[in-house]
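Written out below as structure tokens is the structure these notes cover.
The values are calculated or read from the model by the stated rules, or taken from the named source; none is laboratory data. What you see is a predicted model; the values in this text were computed from it and never measured. So basically every Cβ, Gly included, is an ideal-geometry build from the backbone, and we count neighbours across all protein chains shown.
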Amino acid sequence: MLGYDHQKQHISGQFNSELETLKSDILAMGGLVEAQLTLAMAALLEKNSAKALEVIANDKLVNELERQIDQECARILARRQPAASDLRLVLAVLKINLDLERVGDEAAKIARQAKVIVESSDSGSQFVQLRQLARPVIKTLRQSLDALARSDVALAVQIVREDASLDSLYAEAMQALIKHMQEAPHSISTIVNELWALKALERIGDHASNVGEQVIYMVKGQDVRHLGAGEMPALS
């Protein structure tokens, strides 16, 4: 019996170690895509093609880490057959992993738009609308990763509820750029690239909100993906 208990503890210890590694890897993925987004915005706002090229090259690292985390999740599901909170953790990581990879894709899109703008003869824009949307989007992404790291349900709920405000900022920015396009037709090519970058930021905000939803599911076991802001349960 003592031998059996020791083996059981050993298996349990290995499983806990695997789950901790999985958590560390998904947070590393988050840190990587946050850095990609920050660098992509710097490339755009500074009109720096070298930084844009760095983001585009590093997208391969994001994709490789996504595959690695997917494989870890598959191994754990197949070998450990987790239940309850452990199962929710693995399932949440699978979905968060996909959202973070999409954030990486959107950051690469911003970098590509930056490269086109830098190479354009008309690159006099100050990117006012992009600056105004980028700040809260980057903040929301960072908060979603903090919520994941700390299993902070209250912060995750806040992120999900505030997604509508990001959508409003995006709509206002779009209207301002379209108006500017009408008033300055000679700048249409640059503004079109700004519009694509703006859309990428809006999508990143959506993915950050999705991470918040998965943190709620992971910790509380409640699926809030299709609830409106006013329908969100009181969670803590």
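Taking the listed residues Gln36, Gln14, Gln9, the one that is of a type in the set (S, T, N, Q), at pLDDT 95 or above and either outside any loop (DSSP other than H, G, I, E, B) or closer than 29 Å to Ser120 by Cβ (or both) is Gln36, with no other qualifying.
Tell me, which residue of region 145-174 that is polar (S, T, N, Q) and closer than 26 Å to Ala114 by Cα is farthest from the chain's Cα centre (by Cα)? The extreme case among them is Ser168. Of all residues in region 175-201, those satisfying the criterion of being surrounded by fewer than 21 Cβ atoms within 10 Å (Cβ to Cβ) and within 20 Å of the chain's Cα centre (by Cα) are Leu195, Trp196, Lys199.
The set of residues in region 217-236 that are at pLDDT below 85 and either farther than 12 Å from Ala156 by Cβ or in contact with a Lys or Arg (Cβ under 9 Å, 6 or more places away or on another chain) (or both) comprises Arg225, His226, Leu227, Gly228, Ala229, Gly230, Glu231, Met232, Pro233, Ala234, Leu235.
Within region 40-51, residues that are in a helix (DSSP H, G or I) sit with their Cβ atoms under 6 Å from residues that are of a type in the set (Val, Ile, Thr) and modelled with pLDDT under 95, at 6+ positions apart or across chains, in these pairs: Ser49/Val118. Exactly one residue out of Glu72, Glu54 is closer than 15 Å to Val93 by Cα, at pLDDT 95 or above and part of a helix (DSSP H, G or I): that is Glu72. Only one of the listed residues (Arg142, Arg135) is in contact (Cβ under 8 Å) with a residue 40 or more places away in the chain, under 18 Å from Leu39 (Cβ atoms), within 16 Å of the chain's Cα centre (by Cα) and surrounded by fewer than 21 Cβ atoms within 10 Å (Cβ to Cβ). That residue is Arg142.
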